[in-house]
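All remarks here apply to the structure that follows.
The values are calculated or read from the model by the stated rules, or taken from the named source; none is laboratory data. Small disclaimer: the values here were computed from a predicted structure and weren't measured. Cβ coordinates were reconstructed from backbone atoms using ideal geometry, including for glycine residues, and neighbour counts include every protein chain displayed.
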Amino acid sequence: MLSPRASVYDAGALPALTEEVELTQALIRNACVNDGGTNVSELPNADLMLAILDGTTADIEYFDAAPGRRSVIARLPGTDSTAPTLMLLGHTDVVPANPDAWQRDPFGGEVVDGFLWGRGSLDMLSYVATMSLAFRDYAAQGIHRGGDVVLALVADEEALGSQGMGWLQEHEPDAVTAQWVVTESGGIPSGTPADRRLGVLTAEKGAWRMAITVRSAGGHGSMPPISASALEKAAEVIVRLRKHQPQIVVTEEWHTYVHAAWDQSVHEALTNPSTVDLVVDLLPESAARTVSALTRMTIVPTTVETSGSLNVVADTARINLDVRTLPGQDRVDVLNEINAALGDLFEEVQVEVVVSGAATRTPPVGPWWNLLQTAARLQYPNARLTPAVSPGATDARFMRQRGAEAFGFGLMSEHFPAAEISTMLHGVNERIDLSSLAMMRTLWQDLLAMFAAETTR
């Protein structure tokens, strides 16, 4: 029986550079930036992980989906082949960062006032570092009772996984088979010490890539066409999409999350489609963005490509869209919303589904959910887990699609600036406090120990 652990909330009480801090720093400094283009490489981080795991008893493989796109898979066989397999799932790529907008070098890995700064410190190199160290330490124990344990450190999550977990599921499915999965996000404390709540991502919105192509007469810039150009029509499409608000949908996950994580005084307003937007107008920016994203489909124009040049009026413009759907929404729903937004313009454009990805969910019940709850309470006594929906996509969706129970979880200390998370994730000044790093490493250690006990027969 594991006993509650001593608090590690006080960053000042921690060593300046623990092993997990140093490893996270190294991963940040490798700058494995994924901009969705062709010149992307996760090799530095993948090879660093191979070095960390070298000498363990794990069966270690790596897979290159394309040059530079390396994923590392380590497996510790258990004593019971009929027991579930547990996967610790992380990604080694990060999104780009503009140094001019940051207070610190986004790839410097600086430690300042108890916080580690850098792109990926939160999403999700801190998870990769702490999961890997916990897995290495677990491997050193010798015989591993219960089910298999897999550490999956994959490429390309930030560009929807076609060169990472998506590729592995298609080409090497046996290497990434697991029934229980834990990956990024969750574990941010809310409420009071007497009523501590920790969010767990049990579902995530669908991730779609759409394109709208607009065509018109082109010509020389010195003698523009009388009618609207493709670029002008594209601008009108973007304006209409921005003005359009898909209808509010209160899903089962949202209803559960509101009642678990929000003050009772706003429960009714946040679960009534006719009043959600009224509450949004009264909330701080970060909370408003979260509520709005989790209660409706979002259709966001991200880039525009044209056929023209400086002195040529483009005859074609392509608008790329990032579309996120709620559980239960499909291709027809997406097209209907775009039709509603564009009105008469809908018949003048071509709408293409580039990538389709429906929402996924795992019910918050069962032995795996209970293990997460028990492990969390070792560091946050009496805490209760609250199901939540992620507005973004993670690699958990690939595992759910194959029938796995996948949750997004971690543990953040009370020093973590939770109110700033919406600005840090894929934004500026991303950072994590050293206490949270220590808590996450401990969480994975506890989970592995409890998994072995739970699955031993």
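Of everything in segment 305-325 that's of a type in the set (A, V, I, L, M) and surrounded by fewer than 18 Cβ atoms within 10 Å (Cβ to Cβ), which residue is modelled with the highest pLDDT? Talk me through it step by step, then tell me what you get.
Of the residues in segment 305-325, the ones of a type in the set (A, V, I, L, M) are 310, 312-314, 317, 319, 321, 323.
Retained after the next criterion (residues that are surrounded by fewer than 18 Cβ atoms within 10 Å (Cβ to Cβ)): 310, 312.
Numbers: L310: 79, V312: 75.
Ranking the candidates gives L310 first.
What strands (runs of 3 or more DSSP E) lie completely within segment 367-457 and have 3 or more residues being closer than 20 Å to W180 by Cβ and assigned by TED's automatic domain parsing to the domain that holds R119?
So the answer is 384-390, 405-408.
Quick one: which residue in E236, E285 is farther than 17 Å from T325 by Cα, of a type in the set (D, E) and at pLDDT 95 or above?
E236
Looking only at segment 251-276, count how many residues are touching a helix residue (DSSP H, G or I) at 6+ places or on another chain (Cβ under 8 Å) and either surrounded by fewer than 16 Cβ atoms within 10 Å (Cβ to Cβ) or among the hydrophobic types (A, V, I, L, M, F, W, C) (or both).
Adding up the residues that qualify gives 10.
Only one of (1) in contact (Cβ under 8 Å) with a residue 40 or more places away in the chain; (2) out of contact with any helix residue (DSSP H, G or I) (no Cβ under 6 Å at 6 or more places or on another chain); (3) more than 24 Å from R196 (Cα to Cα) fails for M439. Which number is that?
Tallying (1) in contact (Cβ under 8 Å) with a residue 40 or more places away in the chain; (2) out of contact with any helix residue (DSSP H, G or I) (no Cβ under 6 Å at 6 or more places or on another chain); (3) more than 24 Å from R196 (Cα to Cα), M439 fails exactly one: (3).
Counting only residues that are part of a loop (DSSP other than H, G, I, E, B) and β-branched (V, I, T), how many does segment 264-275 have?
Initial filter on segment 264-275 (part of a loop (DSSP other than H, G, I, E, B)): 271-275.
Of the ones still in play, those that are also β-branched (V, I, T) are 271, 275.
Within segment 264-275, residues that are part of a loop (DSSP other than H, G, I, E, B) and β-branched (V, I, T) number 2.
Looking at S292, S286 in this structure, which one is among the small types (G, A, S), assigned to a helix (DSSP H, G or I), touching a residue at least 60 places away in the same chain (Cβ under 8 Å) and not assigned by TED's automatic domain parsing to the domain that holds R197?
Numbers: S292 fails: touching a residue at least 60 places away in the same chain (Cβ under 8 Å).
Result of the check over S292, S286: S286.
Please verify whether V182 is outside the structural domain of D330 (by TED's automatic domain parsing), modelled with pLDDT of 95 or more and either surrounded by 18 or more Cβ atoms within 10 Å (Cβ to Cβ) or under 27 Å from the mean Cα position of the chain (by Cα) (or both), treating the condition exactly as stated. So that I can check it myself, show each step before the final result.
Working: outside the structural domain of D330 (by TED's automatic domain parsing): yes; modelled with pLDDT of 95 or more: yes; either surrounded by 18 or more Cβ atoms within 10 Å (Cβ to Cβ) or under 27 Å from the mean Cα position of the chain (by Cα) (or both): yes.
So V182 passes the test.
How many residues, within segment 181-212, are among the small types (G, A, S) and under 22 Å from E414 (Cα atoms)?
Looking only at segment 181-212, we keep the residues that are among the small types (G, A, S), and these are 185-187, 190-191, 194, 199, 203, 206-207, 211.
In the following step, the residues that additionally are under 22 Å from E414 (Cα atoms) were identified as 185-187, 190-191, 194, 199.
Count: 7.
Which of the residues spanning segment 53-75 are among the hydrophobic types (A, V, I, L, M, F, W, C), crowded, with 22+ Cβ neighbours inside 10 Å and within 22 Å of E20 (Cβ to Cβ)? Spell out how you get there, then give the answer.
Of all residues in segment 53-75, those among the hydrophobic types (A, V, I, L, M, F, W, C) come to 53, 58, 60, 63, 65-66, 72-74.
In the following step, the residues that additionally are crowded, with 22+ Cβ neighbours inside 10 Å were identified as 65, 72, 74.
Listed by number, the residues that qualify are V72, A74.
Just checking, which of D344, D330 is surrounded by fewer than 18 Cβ atoms within 10 Å (Cβ to Cβ), without any contact (Cβ under 8 Å) to a residue 40 or more places away in the chain and closer than 26 Å to A404 by Cβ? So that I can check it myself, show each step before the final result.
On the way: D344 fails: closer than 26 Å to A404 by Cβ.
Among D344, D330, only D330 is surrounded by fewer than 18 Cβ atoms within 10 Å (Cβ to Cβ), without any contact (Cβ under 8 Å) to a residue 40 or more places away in the chain and closer than 26 Å to A404 by Cβ.
Inside segment 292-304, can you point out the residues that are over 24 Å from D277 (Cβ atoms) and crowded, with 17+ Cβ neighbours inside 10 Å?
Selection gives V304 alone.
Within segment 53-96, take every residue that is hydroxyl-bearing (S, T, Y) and within 23 Å of the chain's Cα centre (by Cα) and give me the one that is farthest from G161 (Cα to Cα). Give the steps one after another, and end with the answer.
Taking segment 53-96 first, the residues hydroxyl-bearing (S, T, Y) are 56-57, 62, 71, 79, 81-82, 85, 92.
Then drop every residue that is not within 23 Å of the chain's Cα centre (by Cα), which leaves 62, 71, 85, 92.
On the way: Y62: 16, S71: 11, T85: 22, T92: 12 Å.
By that ranking, first place goes to T85.
So Y62 clears everything in (1) assigned to a strand (DSSP E or B); (2) within 20 Å of L448 (Cβ to Cβ) except one condition, right? Which one?
(2)
Consider segment 35-79. How many of its residues are more than 17 Å from L168 (Cα to Cα), touching a residue at least 12 places away in the same chain (Cβ under 8 Å) and among the charged types (D, E, K, R)? Give the steps one after another, and end with the answer.
Keep residues of segment 35-79 that are more than 17 Å from L168 (Cα to Cα), which gives 35-40, 44-45, 47-58, 76-79.
From the residues that got through so far, the ones that are touching a residue at least 12 places away in the same chain (Cβ under 8 Å) too are 35-36, 40, 44-45, 47-50, 52-53, 56-58, 76-79.
Filter again for among the charged types (D, E, K, R), leaving 35, 47.
Of the residues in segment 35-79, 2 are more than 17 Å from L168 (Cα to Cα), touching a residue at least 12 places away in the same chain (Cβ under 8 Å) and among the charged types (D, E, K, R).
Which numbered condition in (1) surrounded by fewer than 17 Cβ atoms within 10 Å (Cβ to Cβ); (2) touching a residue at least 12 places away in the same chain (Cβ under 8 Å) is the only one that E204 fails?
(1)
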